[in-house]
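First up is the structure itself, then whatever we jot down about it.
The values are calculated or read from the model by the stated rules, or taken from the named source; none is laboratory data. Because the structure is a prediction, the values reported are computed rather than measured. Virtual Cβ from ideal backbone geometry, glycine too; neighbours counted across all protein chains shown. The protein model used for the area step is the full one, side chains on, heavy atoms only, and it has no ligands, DNA or RNA in it. Shrake-Rupley method; radii C 1.70, N 1.55, O 1.52, S 1.80 Å.
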Amino acid sequence: MSPCAGTACKNATAARVDFPAPPAYPSTERSFSPGTSRKAATTRKPPPSPAPRKAPAASPAVAARAVGRPAPAPPREKLVFSEEFNTLDPSVWTHLVTAWRGGNQEFQYYRNDRRNSYVRGGVLFLKPTLTAREFGDAFLYTGRLYYPDCNFDPCVSESGADIVLPIQSARIDTNKAFSFRYGRLEVRAKLPRGDWIWPAIWLKPANNAYGGWPASGEIDLMESRGNANLRTYKGEPQGVQKVVSTLHFGPNRSYNIWRLTHWEKVMERGDFADNFHVFGMEWTPAGFRFTVDKKEIGRMAPPKGGFWSLGNFDADPGGPNIWANGTQLAPFDKKFYIILNVAVGGTFFPNGMINSPYPRPWNWTSGHPLREFWEYRQWWLPSWKGEDAAMQVDYVRVYQSVT
């Protein structure tokens, strides 16, 4: 979920697509003043939480909250974090609230609202919704959206050259409650199905010890695209049949090296929205191993000289090794925290991909990609079918070796 992920890093400009005339939006929709929009956006009461399942007593070995009934830790391991989602605990999970578009020019406003993040039956739902469904269609063209609990700039999305962000969604993390260095991470999740939806389970450094992104690293346990029929020109699936795991590292944003540490899993039958799957990572001082449903999809151990040598940074861009004071695994030798989010749109959907039955409904060269995305919603909105458009997370567990 990097500020420049996948092939989008070098390819953020879209080729022009000739669209048919967009559907007219009603001219009689309600118009919201800034004051009314803020009130409407923050005062709706969430539905009551379901009664929690009975949880066993927490073991002293569990450093963070442990609820539900996780499987016993394998020999020589202890369970250090267990989230079974009997409730959405604000002491564990912090919502990002921002109009910042994630570094990838995404289309959502992340907020803390039970319409986008909620728990039911021991499962977390992260679900994108339509801004216009709450505030009216005309608000997108004339309004200003702001949430008082915004915790990351920018906090305002307003109409102008483009429309207000057309999607509401959720991103939560454990930064204030739990971070770890080395261990085995498992997340059981069912991915969303819906065109242009981008779910992610990933980790960021608790402290940018080596500098800003990507100098301190990023670990992507799982990323996918919700499209059912997204392919390359060669016919290779790029949608919800495929998940990827990636390590991002480099001395600065111009040198985000990821292709050498990127692994993919494509399902031959069905897709990752059909059922729950377990996404796993083993992280040791020697390297990484990534799994899907307990089966390895990739592993790596850095060479002598570490990730600086792997990226050939002595030759390009040159200069001192920014990880010289770390271990051979630097920058992945510090604590990281866990992030769960569902984004929509953005440069994670680059040129060179073919979607059917309709093409990508926006162009970066138009100057108003948000408006294009929204006005061609008849192309993609029918693929968003209720909670099937949500990422559903059963549990998040972290184990560490017993010393």
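Numbers at a glance
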{"item": "Entirely in segment 306-403, the helices (runs of 4 or more DSSP H) that have 2 or more residues that are open to solvent by less than 60 Å² (accessible area, probe 1.4 Å) and under 30 Å from residue 286 (Cβ atoms)", "result": "306-310"}
{"item": "Residues of segment 129-170 satisfying the condition of being touching a residue at least 60 places away in the same chain (Cβ under 8 Å), open to solvent by 20 Å² or more (accessible area, probe 1.4 Å) and not hydroxyl-bearing (Ser, Thr, Tyr)", "result": "134, 144, 148, 149, 161, 162"}
{"item": "Residues of segment 104-151 that turn out to be under 20 Å from residue 174 (Cα atoms), assigned to a loop (DSSP other than H, G, I, E, B) and small (Gly, Ala, Ser), as a count", "result": "1"}
{"item": "Residue check, residue 289 closer than 19 Å to residue 180 by Cα, among the charged types (D, E, K, R) and modelled with pLDDT of 95 or more", "result": "yes"}
{"item": "From 296, 268, residue being open to solvent by 70 Å² or more (accessible area, probe 1.4 Å), in a loop (DSSP other than H, G, I, E, B) and free of Cβ contacts under 8 Å to residues at least 24 places away in the same chain", "result": "268"}
{"item": "Scope segment 187-205; condition outside any loop (DSSP other than H, G, I, E, B) and either open to solvent by less than 20 Å² (accessible area, probe 1.4 Å) or closer than 30 Å to residue 377 by Cβ (or both); matching residues", "result": "187, 189, 190, 197, 198, 199, 200, 201, 202, 203, 205"}
{"item": "Enumeration of residues in segment 165-183 that are hydrophobic (A, V, I, L, M, F, W, C), under 28 Å from residue 288 (Cβ atoms) and assigned to a strand (DSSP E or B)", "result": "172, 180"}
{"item": "So residue 117, is it under 18 Å from the mean Cα position of the chain (by Cα), open to solvent by less than 30 Å² (accessible area, probe 1.4 Å) and of a type in the set (Ser, Thr, Tyr)", "result": "yes"}
{"item": "Residue 221 being touching a helix residue (DSSP H, G or I) at 6+ places or on another chain (Cβ under 8 Å), open to solvent by less than 30 Å² (accessible area, probe 1.4 Å) and touching a residue at least 60 places away in the same chain (Cβ under 8 Å)", "result": "no"}
{"item": "Filtered residues of segment 255-265 (kept if open to solvent by less than 90 Å² (accessible area, probe 1.4 Å) and over 14 Å from residue 224 (Cα atoms))", "result": "255, 256, 257, 258, 261"}
{"item": "Members of segment 206-218 that are open to solvent by 10 Å² or more (accessible area, probe 1.4 Å) and under 24 Å from residue 243 (Cα atoms)", "result": "213"}
{"item": "Criterion (more than 19 Å from residue 224 (Cα to Cα) and free of Cβ contacts under 8 Å to residues at least 40 places away in the same chain) met by exactly one of 331, 382", "result": "382"}
{"item": "Candidate set from segment 76-100 (those that are over 16 Å from residue 339 (Cα atoms) and not hydrophobic (A, V, I, L, M, F, W, C)); member that is least open to solvent (accessible area, probe 1.4 Å)", "result": "86"}
{"item": "Verdict on residue 162 being in contact with a Phe, Trp or Tyr (Cβ under 8 Å, 6 or more places away or on another chain), farther than 22 Å from residue 394 by Cβ and either hydrophobic (A, V, I, L, M, F, W, C) or outside any helix (DSSP H, G or I) (or both)", "result": "no"}
